[in-house]
């Protein structure tokens with residue numbers, strides 16, 4: 001069926017065009033608005049305050065937003081495939097809870113001062129990684145992962161972590177509470193080029209490795225037993241995909257905070273339009289997630305300018321509304 | 001073809017297969033019957049490696065099934081189960097999934113040969129007309145035919161079916177089994193089928209094994225296995241067996257308790 005591949009090509013082309021448009025919008029609008037011609041001139045001149053704004057603020061934010069959106073959305077789609085449950089998202093497994101706990105502890109112990117811009121993400125990542133291993137090993141039995149058990153353990157660990165964060169918040173200073181809350185709400189505002197590079201590179205590597213497992217992932221739509229009948233080594237597949245998804249989420253969350261809903265909404269919306277074939281769904285989710293975050297960040301920056309809204313608020317509201325509208329209009333029940 | 005020797009497998013000490021031996025000859029259509037809990041599914045899962053083999057061995061074309069990689073196994077052994085897992089996927093894509101054991105890592109697209117085989121088997125199973133439809137739009141019987149087409153796409157040596165007709169009406173039961181028989185006759189495909197319905201088993205299988213409490217109680221031709229004494233012992237129930245006038249195969253009748261009490265003096269066989 002060659003026609004299907006042509007369709008896929010058009011979907012990817014459309015997503016790429018939308019991506020370019022959102023990058024353009026996001027570079028143009030903000031505290032100062034720039035036209036396309038101006039942007040090109042500024043980038044050519046490589047000097048002036050506008051160049052600093054583009055080069056140090058807007059473009060890094062866009063790159064980070066693209067990488068984080070892609071990573072979260074990809075890990076959502078991978079987990080939904082592994083768990084065969086369209087409502088699973090990266091945060092269901094407690095990864096964000098663990099990261100929040102790590103960051104809350106770091107803030108309370110005063111690690112956020114000094115070279116804080118790197119220490120917070122590191123403690124966030126340690127928290128996320130510890131949660132991942134905890135959830136993973138608690139759901140191991142006879143060396144095999146028990147998938148449904150893992151999901152429940154993830155939800156529980158998530159609850160425990162957020163309760164622990166609330167406990168910490170109720171016992172610490174107002175200033176610390178403010179920092180914790182602000183981190184939890186998420187922001188793309190980081191000037192650390194190294195962190196942006198790490199997130200961008202890992203999310204692209206994650207995408208490539210996921211494609212190595214795209215055929216097994218497609219077979220898993222039939223259920224674990226039937227995928228096995230088709231020659232899929234389900235244990236290895238589930239393990240590898242779980243690890244990729246967790247690492248992607250852990251890294252994203254530790255750098256930008258908790259930006260919710262991306263891993264749930266973007267894959268879900270795309271499934272409605274392009275179906276359940278993971279060969280197209282993986283790349284489409286990655287691009288779609290990137291677009292979604294770039295646009296949400298644009299709204300977060302401009303809505304109450306010069307002040308900035310937490311991006312997690314925007315993703316939650318916009319995402320939720322779009323999702324409900326699309327779901328009520330679609331034929332999928 | 002398939003040689004099961006002294007197979008022991010099971011979940012716990014409570015239930016285990018007790019040294020089962022069974023040979024499935026190339027080109028045969030072999031049926032496995034037996035009451036619920038007699039070990040049919042355990043045997044099936046031992047063949048699909050869903051449970052560990054604790055003793056004995058299973059040889060598929062002379063090779064130990066435990067030593068085959070999952071891909072190699074899927075190229076030799078195709079499986080159709082009771083229920084086909086359905087979701088919004090076009091029939092053609094569903095059938096093409098049967099080519100998965102032949103795909104290389106990073107091979108995203110199907111080859112021309114894959115499409116050719118899918119088309120061939122969709123035509124053979126009579127589902128070609130539904131090619132562009134979604135699986136969820138088909139009836140249970142049609143879904144089963146599609147599942148068989150997918151299994152055939154694996155180009156297997158052995159087709160293993162686990163009660164493929166148990167949820168179907170009689171017309172679809174016959175449709176599915178006639179197809180399996182045709183595949184067996186025309187393509188020389190070896191078939192091992194687990195089947196609940198003794199009459200269907202009698203009609204279609206050329207060799208049978210009847211299981212009882214984790215072992216094989218009787219194996220042989222349908223007329224040897226489906227003797228009323230065997231059935232009454234294994235199923236612990238009263239039946240009447242006669243010969244189907246057309247196929248000359250044994251046919252089994254069930255009798256209700258009420259009728260049985262009324263006619264207790266009548267000879268049943």
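The values are calculated or read from the model by the stated rules, or taken from the named source; none is laboratory data. Everything numeric in this text was worked out from a predicted model, so none of it was measured. Don't worry about glycine lacking a Cβ; one is built from the backbone with ideal geometry, like all the others, and counts go over all protein chains shown.
Points to keep in mind about this one:
- Hey, residue B:35 surrounded by fewer than 22 Cβ atoms within 10 Å (Cβ to Cβ), within 12 Å of chain A (Cβ to nearest Cβ) and modelled with pLDDT of 90 or more or not: no
- Residues in the stretch A:33-61 that are surrounded by 15 or more Cβ atoms within 10 Å (Cβ to Cβ), closer than 15 Å to residue A:196 by Cα and modelled with pLDDT under 85: A:57 alone.
- Just one of the listed residues (A:170, A:210) is more than 14 Å from chain B (Cβ to nearest Cβ) and assigned to a helix (DSSP H, G or I), and it is A:170.
- Conditions (1) more than 13 Å from chain A (Cβ to nearest Cβ); (2) touching a helix residue (DSSP H, G or I) at 6+ places or on another chain (Cβ under 9 Å); (3) buried (at least 22 other Cβ atoms within 10 Å of the Cβ); (4) touching a residue at least 60 places away in the same chain (Cβ under 8 Å); number of the one not met by residue B:43: (2)
- Residues (more than 10 Å from residue B:153 (Cα to Cα) and within 11 Å of chain A (Cβ to nearest Cβ)) located in the stretch B:105-116: B:105, B:106, B:107, B:108, B:109, B:110, B:112
- If the condition is being under 15 Å from residue A:70 (Cα atoms) and in contact with a helix residue (DSSP H, G or I) (Cβ under 6 Å, 6 or more places away or on another chain), then the stretch A:235-253 contributes A:244, A:245, A:246, A:248, A:249, A:250, A:251, A:252, A:253.
- In the set A:188, A:207, A:195, only one residue is surrounded by 18 or more Cβ atoms within 10 Å (Cβ to Cβ) and either free of Cβ contacts under 8 Å to residues at least 24 places away in the same chain or over 30 Å from residue A:85 (Cβ atoms) (or both); that residue is A:195.
- Counted residues, the stretch B:216-234 - those being under 24 Å from residue B:24 (Cα atoms), surrounded by 15 or more Cβ atoms within 10 Å (Cβ to Cβ) and out of contact with any helix residue (DSSP H, G or I) (no Cβ under 8 Å at 6 or more places or on another chain): 5
- Residue A:78 surrounded by fewer than 22 Cβ atoms within 10 Å (Cβ to Cβ), at pLDDT 85 or above and under 24 Å from residue A:261 (Cβ atoms): no
- Residues that are modelled with pLDDT of 80 or more, assigned to a helix (DSSP H, G or I) and surrounded by fewer than 22 Cβ atoms within 10 Å (Cβ to Cβ), drawn from the stretch A:93-118: A:105, A:108
- Failed item, numbered, when residue B:79 is tested on (1) closer than 30 Å to residue B:136 by Cβ; (2) surrounded by 19 or more Cβ atoms within 10 Å (Cβ to Cβ); (3) more than 8 Å from every other protein chain (Cβ to nearest Cβ): (3)
- Some residue of the stretch B:121-137 being part of a loop (DSSP other than H, G, I, E, B), away from chain A (no Cβ under 14 Å) and either more than 29 Å from residue B:34 (Cβ to Cβ) or modelled with pLDDT of 95 or more (or both): yes
For every residue, the table says whether it meets (1) facing another protein chain (nearest Cβ under 10 Å); (2) within 21 Å of the chain's Cα centre (by Cα).
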site	(1), (2)
B:88	yes, no
B:97	yes, yes
B:103	yes, no
B:118	yes, no
B:140	no, yes
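- The lone exception for residue B:71 - which of (1) under 24 Å from residue A:231 (Cβ atoms); (2) away from every other protein chain (no Cβ under 14 Å); (3) surrounded by fewer than 20 Cβ atoms within 10 Å (Cβ to Cβ) it fails: (2)
- The stretch A:1-23: number of residues that are more than 14 Å from chain B (Cβ to nearest Cβ), surrounded by 13 or more Cβ atoms within 10 Å (Cβ to Cβ) and farther than 17 Å from residue A:285 by Cβ: 2
- Helices (runs of 4 or more DSSP H) enclosed by the stretch B:36-111 - at least 3 residues per element that are out of contact with any strand residue (DSSP E or B) (no Cβ under 7 Å at 6 or more places or on another chain) and under 24 Å from residue A:4 (Cα atoms): B:91-96
- Counting only helices (runs of 4 or more DSSP H) that sit wholly inside the stretch A:218-333, those with at least 2 residues that are within 14 Å of chain B (Cβ to nearest Cβ) are A:224-229, A:234-256, A:262-274, A:278-302.
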